[in-house]
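Asks: Just dropping this structure here.
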Amino acid sequence: MQSMDTWDLLLQIVLLLLACFAAGGVMVMFRQSPLVGFLLAGLVLGGPGSFAVVKAESEIEGLAELGVALLLFSLGLEFSLQRVLGLGIRALMIGVLQVVVTMAVCTLIGCALGLSPAGSIACSAMITLSSTATAAGVLTDRSLLDSPIGRNSIAVLLVQDMAVVPLAVLIPLLGNTSGNSAMLPRIGGILLAGVGVVITLYLLLNLLAVRVMRTRSIGQNRELMVLLSVIVGLGATWAAHAAGLSPALGAFIAGMYLGNSPFAFQIRADVASLRIVLLTLFFGTVGLLADPLWMFQNILTVLSLATLIVAVKVTVVAVLFRIPGTPSGTSLATGLCLGSVGEFAFVLGGQAVDAGLLTETHFNALVSASIVSLLVTPTMITIAPRLAAWLNGRVNEPLDGVSQKQLAGQQCDCLVIGFGPAGRGAAAALTNSAERVMVIDLGADGVRNAHAAGFHAIQADASSGELLQHLHPEKLRLVVITVPGFHDSMSMLQQIRRMAPGATVIVRSRYCLHQQEFLAAGADVVAGDESEVGRALAEAITKLRVIETT
């Protein structure tokens with residue numbers, strides 16, 4: 001028989017979900033992210049200074065953390081091992097620099113504000129981490145995950161998630177006045193356990209789980225596939241936690257290993273409903289941590305601190321991406337995506353209070369400012385691609401090293417934008433024609449691959465009107481847009497349609513829901529995604545009789 005406490009917990013979960021549903025619905029009515037409503041619901045229902053309807057914060061929080069794990073599991077299915085490596089060493093190294101530089105800047109600011117050096121380091125550890133759940137969730141909702149902004153953000157977020165463990169080890173050591181002789185053995189043990197988890201997950205998932213899924217009795221039974229998917233996601237989460245690693249990182253690794261399997265899309269669909277419920281609980285419990293009465297009484301301090309935190313984080317990320325040549329708009333937009341304080345900051349903050357590094361007042365101020373940063377993050381991510389497109393077009397700078405001298409005299413009949421699998425397929429369909437083909441890709445790898453395939457290629461942002469102007473757009477006969485991000489593709493389509501009204505434009509759309517928007521914006525053909533996109537584009541080219549094949 002269930003105890004009464006269990007039913008009380010169930011009631012509080014239902015009340016929190018109901019409040020999240022109502023507040024999220026209101027936010028959607030005002031064209032805001034429902035995540036903002038979830039945070040506000042928790043802020044009102046629980047914690048000190050609120051209505052205190054929800055009192056089982058710790059019990060619900062443990063359940064809600066599984067939502068973050070399933071989100072990272074789904075994200076891993078989206079970003080297979082091959083795609084993670086495709087994010088590039090540059091973006092991953094910038095992630096490392098972001099953690100180091102942000103901590104250094106915040107430590108200096110903390111000391112200037114009167115905190116002790118150890119307390120300043122603890123604060124900087126809290127602030128340097130961004131919210132993976134918020135950023136990844138909104139990027140997915142806005143179809144930005146595959147854009148340059150999304151890929152840059154995910155690369156940095158992955159590094160931040162890996163930094164959680166050493167930061168969690170560091171904070172108690174800062175408050176340990178008896179010496180740090182046990183530090184190296186502890187860190188070494190965690191690293192060894194981490195390697196063991198990674199290898200074990202690889203063997204179990206690739207040698208066992210995938211083979212089980214391929215059996216007819218399992219693969220054709222929806223209930224068993226759903227059950228196995230949840231077991232894999234939650235099992236990897238537990239394994240990482242047991243090894244002293246970030247549970248969410250363990251879930252991501254499991255999803256990443258399964259990302260190359262033919263079951264990735266089905267698994268992601270199977271865990272979607274459970275992920276949504278648990279992730280909603282998570283954002284609600286984050287709101288429970290804040291004291292709304294304290295926030296109201298210290299509103300100027302909270303807003304000032306939140307503004308300072310967001311400004312520092314956005315600036316650091318933007319500068320670090322701009323230095324190696326990323327366009328200004330893309331760099332700033334990536335910074336906006338990473339401007340929030342992450343969910344692990346609350347765990348690190350609790351450790352800092354227990355270690356005597358921070359007072360309750362300091363903790364309340366940081367938690368309140370973190371909540372504010374989370375509240376504004378969906379809006380910042382929403383405006384990020386528009387700001388990037390505007391700034392990239394306004395700033396007079398060579399885009400990714402492309403100078404006017406390089407573009408002078410360059411003429412082409414066919415333009416292929418993006419040289420991934422879809423771009424390669426489209427370009428291959430043009431090789432037997434007499435048309436002059438040019439490839440534009442934002443990444444150096446794509447340009448090198450295009451050169452190796454015999455095409456003239458430049459590394460640049462094709463949404464730049466200045467760039468297109470130098471390519472004599474009035475002479476273009478065919479443009480094939482194969483970049484993955486919806487907003488990037490739409491920006492390029494609008495520029496090309498305005499500057500080359502006579503060209504036939506073919507756009508790749510990963511999601512069916514965007515096809516009508518591309519057609520309304522002037523695309524002549526919208527092709528689907530996945531493995532046959534190159535073939536679909538080639539067939540579209542042939543049907544339109546744009547070129548003459550030989």
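Asks: Assuming R0 = 41 Å, can you tell me the calculated FRET efficiency for the pair V28 and H472, based on Cβ-Cβ distance, to the nearest 0.05?
Replies: 0.35
Asks: How much net charge surrounds F344 when only the other residues with a Cβ under 11 Å from the Cβ of F344 are counted, with Lys and Arg +1 and Asp and Glu -1? Please report the intermediate quantities before stating the final value.
Replies: Values: positive: none; negative: E65, D161, E343.
Here the count lands on -3.
Asks: A further question follows. In nm, give the distance between the simple-model label positions of R448 and R498, each being 7 Å from the Cα along the Cα-to-Cβ direction.
Replies: Between R448 and R498, the simple spin-label model gives 3.5 nm.
Asks: For labels at Q516 and V376 in the simple 7 Å Cα→Cβ model, what's the distance in nm?
Replies: 3.6
Asks: For every other residue with a beta carbon closer than 12 angstrom to the beta carbon of S491, add +1 if it is Lys or Arg and -1 if Asp or Glu, then tell me the sum. Kindly include the intermediate steps, with their values, before the conclusion.
Replies: Numbers: positive: R386, R497, R498; negative: D461, D488.
Here the count lands on +1.
Asks: Which order, highest average first, do 121-127, 497-503 follow once you tally other Cβ atoms within 10 Å for each residue and take the mean per peptide? Don't jump to the answer; show the numbers that get you there.
Replies: Values: 121-127: 27.3, 497-503: 15.4.
Peptide ranking by packing, descending: 121-127, 497-503.
Asks: How many nm is it between the label spots at I89 and R214, if each spot is 7 Å from the Cα in line with the beta carbon?
Replies: 3.3
Asks: 5 Å is the cut-off here: which amide hydrogens, built 1.01 Å from N in the peptide plane, fall below it relative to A457, excluding neighbours closer than 5 in sequence?
Replies: V439
Asks: Could you calculate the FRET efficiency of L308 with H456 from 1/(1 + (r/R0)^6), where r is the beta carbon distance between them and R0 is 45 Å, rounded to 0.05? Intermediate results must be reported in sequence, preceding the final value.
Replies: Details: r = 47 Å, r/R0 = 1.05.
Rounded to the nearest 0.05, the efficiency is 0.40.
Asks: Let me ask another. What FRET efficiency would be calculated for the residue pair N221, I276, taking the C-beta separation as r and a Förster radius of 35 Å, to the nearest 0.05? Don't jump to the answer; show the numbers that get you there.
Replies: Working: r = 23 Å, r/R0 = 0.67.
According to the calculation, E is roughly 0.90.
Readers should treat all values here as calculations from the given coordinates under stated rules, not as data from a laboratory. All figures in this text were calculated on a predicted structure; none of them were measured in a lab. As a convention, Cβ positions derive from the backbone with ideal geometry for all residues, glycine included, and neighbour counts pool all protein chains shown.
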